[in-house]
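Scroll down for the structure; my scribbles are underneath it.
The values are calculated or read from the model by the stated rules, or taken from the named source; none is laboratory data. Everything quoted here is computed from the prediction, not taken from an experiment. Ideal geometry is used to build each Cβ from the backbone, glycine not excepted, and the neighbour counts take in all protein chains shown.
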């Protein structure tokens, strides 16, 4: 379970996140929705231990994750909006997280083949990653995160640059990964995707947490005017 | 005789002269000197550039600006500075017998290309670090594994910097002429310092165009091959 208490983030004296308090439970898909520039990526970077908050407290399974950052980072894996792949084969890309954890060669091969089959990329196993299409690259980067079986899977706009068929493939992969012992956190501005995937939703607006709740409650009965406007597409920037 | 006729005649004679032992001797020395200078430069510029590229520290911008400034110093100025350093009476490296010696040219060319090589490596590592550090961290890599991955991803750029450095070294004249002195005694290869650029310059001012053109063809062929390899590596990095 992740607990954020009064998390603030300032960059060059500009407030990016302002007093964010959140609880993210296991076994749920938690979506953070908000317009571009709302602070979603910054919040995900903090949750993934890739960035430090300026103020506030972060509790991961009742422990302070900054006490042993490498150990806790190994429990949380983030997939970035733009798929970043190493300049090597699909196999080597997906195997990376297992290699740094010192898995033996046979297990690495087995796990990589299994996960690539799950995301429909097994036939590309020996192909150079740079020759893949955008959708294929994103599938490989998701496979690379899933193969580690992290406790928390963090996805930043995972389908932002993809066509509809690739979006559906990736959404299915995410749903299949859902498990009672795992949390999945997704940042997106795609409201349809939020409805299709999320169990719980948080609405972020210029670094402030406007509203948090169950997906149906947020969409059918939003409490805050800004959330209502965002859902109805009445928010212009 | 018209200048065009000179060039055509010189070019035709040059094709016969390319196989001449004198020409081949100079070409081999050029490759040896500039190749050694490149290896020597990589030996000290790679570790320093990696440290500058990977870490943030006070004065980093100043160091990077200095490196870029040094990369633009004309070779004749390098020649002058090195001459004053190598001169036996009073030069800080005077006791090492580097003046009119290939070792002196090697060290000089190595110093000439170090800023060029360093700036390419620093830029490459900074860019690679920006892209891959967070990715390595989120996949569970510790600091050592992250740095290893960043260096692995930067390797084609390090190779490229060496090739660009070699190209610069083999085509420079100022250091080879000022420090080497263009010495050539047939059969005394240990003392000879004549390389392609100094030989082209000498034969041109003596109006021995055929020999100058033959040497020029060899130098251009080397540069062409090096550029071809450079473009191939660049293309494979970028695609």
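Observations on the model:
- Residues satisfying the stated conditions in segment B:137-156, i.e. surrounded by 17 or more Cβ atoms within 10 Å (Cβ to Cβ) and more than 8 Å from chain A (Cβ to nearest Cβ): B:146, B:147, B:150, B:151, B:154
- Test: residue B:40 is surrounded by fewer than 20 Cβ atoms within 10 Å (Cβ to Cβ), under 27 Å from residue B:152 (Cα atoms) and touching a residue at least 60 places away in the same chain (Cβ under 8 Å): yes
- One residue stands out among those in segment A:96-108 that are more than 10 Å from chain B (Cβ to nearest Cβ) and in contact with a helix residue (DSSP H, G or I) (Cβ under 8 Å, 6 or more places away or on another chain): the one that is surrounded by the fewest Cβ atoms within 10 Å (Cβ to Cβ), which is A:107.
- Residue count for segment A:121-145 satisfying the condition of being outside any helix (DSSP H, G or I) and either under 10 Å from residue A:90 (Cα atoms) or within 12 Å of another protein chain (Cβ to nearest Cβ) (or both): 6.
- Of the set (1) in a helix (DSSP H, G or I); (2) touching a residue at least 40 places away in the same chain (Cβ under 8 Å); (3) buried (at least 22 other Cβ atoms within 10 Å of the Cβ), all apply to residue B:76 but (3).
- Segment B:125-136 - residue that is surrounded by fewer than 20 Cβ atoms within 10 Å (Cβ to Cβ) and more than 10 Å from chain A (Cβ to nearest Cβ) and, of those, farthest from residue A:81 (Cα to Cα): B:126
- Verdict on residue B:100 being away from chain A (no Cβ under 14 Å), within 22 Å of residue B:194 (Cβ to Cβ), buried (at least 20 other Cβ atoms within 10 Å of the Cβ) and touching a residue at least 24 places away in the same chain (Cβ under 8 Å): no
- Contacts under 7 angstrom Cβ, first residue in segment B:161-183 being on the phi > 0 side of the Ramachandran plot, partner outside any helix (DSSP H, G or I), 6 or more apart: B:181/B:100; B:181/B:193; B:182/B:193; B:182/B:194
- Count of residues meeting criterion [in a strand (DSSP E or B) and touching a helix residue (DSSP H, G or I) at 6+ places or on another chain (Cβ under 6 Å)] in segment A:205-236: 3
- Against the test of being at pLDDT 95 or above, within 14 Å of chain B (Cβ to nearest Cβ), closer than 25 Å to residue A:230 by Cα and surrounded by 21 or more Cβ atoms within 10 Å (Cβ to Cβ), the options A:148, A:185 yield a single qualifying residue, A:185.
- Hey, residue B:62 outside any helix (DSSP H, G or I) and at negative phi or not: no
- There is no residue in segment A:88-95 that is farther than 21 Å from residue A:139 by Cα, within 22 Å of the chain's Cα centre (by Cα) and touching a residue at least 12 places away in the same chain (Cβ under 8 Å).
- Scanning segment A:145-156 for residues that are touching a helix residue (DSSP H, G or I) at 6+ places or on another chain (Cβ under 7 Å) and farther than 20 Å from residue A:188 by Cβ yields A:147, A:148.
- Among (1) surrounded by 21 or more Cβ atoms within 10 Å (Cβ to Cβ); (2) more than 14 Å from chain A (Cβ to nearest Cβ); (3) not in a loop (DSSP other than H, G, I, E, B) - the single one residue B:172 does not satisfy: (3)
- Number of positions in segment A:63-81 that are more than 10 Å from chain B (Cβ to nearest Cβ) and free of Cβ contacts under 8 Å to residues at least 12 places away in the same chain: 4
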